[in-house]
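What follows is a short report on a single structure.
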Amino acid sequence: MLLDMGKITEAAKYISSKLNKTPQFCVILGSGLGAFADHLEEKIEIHFFEIPHFPESTVAGHRGKLIIGTLKGISVVVLQGRLHYYEGYTMDQVVFPLRCMLYLNIPNLIVTNAAGSVQADYKPGDLMIIRDHIKLHGDSPLRGMNIDDFGPRFNDMSDPYAREIRALAKECGKNLGIELKEGVYYYMTGPSYETASEVKAINILGAHVVGMSTVPEVIVAAHGGMKVMGLSCITNMGTGLLDQVIGHEEVIKAGELVEEKFIRLLQTIISRWSGL
Ligand code: HPA
């Protein structure tokens with residue numbers, strides 16, 4: 001698969017035509033977490049389908065809009081809805097929006113998701129700062145021709161979720177009285193939820209939560225030198241930890257229940273981070 005720089009350039013230029021300055025942050029909102037964007041000021045909303053070559057999100061709970069706005073004067077661009085590998089997109093398509101953000105020279109990325117817990121002490125409603133991830137799935141968004149303007153052929157992954165930002169996020173949580181876990185996110189391509197044996201294996205491998213997103217975008221962001229923070233909202237216990245089944249409606253509902261603390265936390269982190 002060849003990276004189509006022509007398409008990325010065209011899409012990014014379209015987005016750029018709506019901006020009056022380079023945003024400091026890109027925020028990707030996961031399932032059930034879209035309400036963060038409702039609180040922005042000076043908002044401009046663009047549907048994914050309006051942007052040349054932008055793939056469209058097909059999942060319930062993902063709204064498929066790019067929202068440009070400000071938060072206490074800080075310029076942000078929000079992807080309300082994202083693209084997943086399980087929707088049938090190639091990895092290149094999944095990370096297409098992120099590559100546009102890199103093209104626009106946006107320096108910071110906050111990536112959020114809904115995730116299942118793979119161990120007893122991470123419960124629905126908990127928020128987890130992502131310390132690191134595990135991806136054993138073979139495909140990579142960086143497979144194929146390397147674009148040296150974005151980053152090197154073999155890129156470092158020793159600190160993809162910046163240590164200093166994790167520390168800042170934890171401090172913000174403490175100040176706000178919001179308990180934050182810090183752990184490892186395991187990437188599964190889905191769309192099936194895991195078997196009980198997979199959940200057990202993922203836990204043994206050292207992860208705390210499991211989900212079907214985030215990692216492709218973070219790999220591309222790390223390759224391109226963006227500073228990244230990841231935040232998981234735990235929406236359910238992984239298969240086998242409780243005697244019950246998992247459904248997408250439950251995941252969306254749990255996301256909505258943490259909405260208020262999630263939004264307060266993100267707003268505080270962005271405000272502090274922009275002053276670094
Ligand atoms: N597994 C995978 N992805 C998820 C889950 C889960 O249990 N919950 C939310 N996204």
Cβ-Cβ under 6 Å pairs, at least 6 apart or on other chains, segment 42-56 side assigned to a helix (DSSP H, G or I), far side not acidic (D, E): F48/F54; F48/G64
When segment 242-263 is checked residue by residue, the ones that are surrounded by 15 or more Cβ atoms within 10 Å (Cβ to Cβ) and either away from the ligand (no atom under 14 Å from the Cβ) or modelled with pLDDT of 95 or more (or both) are E259, K261, F262, I263
Check whether at least one residue in segment 148-160 is closer than 25 Å to L266 by Cβ and either within 16 Å of the ligand (Cβ to nearest atom) or basic (K, R) (or both), and report yes or no. no
Scan segment 112-135 for residues that are open to solvent by 20 Å² or more (accessible area, probe 1.4 Å), away from the ligand (no atom under 14 Å from the Cβ) and modelled with pLDDT of 95 or more and jot them down. R131, D132
The residue that is farthest from I234 (Cα to Cα), considering only those in segment 167-191 that are at pLDDT 95 or above, small (G, A, S) and open to solvent by 10 Å² or more (accessible area, probe 1.4 Å), is A167
Pick from segment 198-221 the residues that are more than 14 Å from the ligand (Cβ to nearest atom) and over 20 Å from R166 (Cα atoms): which of them is surrounded by the most Cβ atoms within 10 Å (Cβ to Cβ)? L205
Looking for whichever is farther than 30 Å from A196 by Cβ, open to solvent by 20 Å² or more (accessible area, probe 1.4 Å), more than 16 Å from the ligand (Cβ to nearest atom) and not in a helix (DSSP H, G or I) here; the options are L79, L19, L66, L109. Which one fits? L19
With the structure loaded, tell me whether G275 is more than 17 Å from the chain's Cα centre (by Cα) and open to solvent by less than 10 Å² (accessible area, probe 1.4 Å) or whether it fails that test. no
Failed condition for T235, given (1) within 30 Å of R153 (Cα to Cα); (2) within 14 Å of the ligand (Cβ to nearest atom); (3) open to solvent by less than 10 Å² (accessible area, probe 1.4 Å); (4) β-branched (V, I, T): (1)
Within segment 83-94, does at least one residue satisfy the condition of being in a helix (DSSP H, G or I) and open to solvent by 70 Å² or more (accessible area, probe 1.4 Å)? yes
Before we move on, is G224 closer than 30 Å to L104 by Cα and more than 16 Å from the ligand (Cβ to nearest atom)? yes
Looking only at segment 16-69, count every residue that is modelled with pLDDT of 90 or more, under 18 Å from G255 (Cα atoms) and among the β-branched types (V, I, T) and tell me the total. 2
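The values are calculated or read from the model by the stated rules, or taken from the named source; none is laboratory data. Computed from a predicted model, the values in this text were never measured in an experiment. When we count neighbours, we look across all protein chains shown, and the Cβ atoms used for this are built from the backbone with ideal geometry, even at glycine. Note: areas computed on protein heavy atoms with side chains; ligands, DNA, RNA excluded. Shrake-Rupley method; radii C 1.70, N 1.55, O 1.52, S 1.80 Å.
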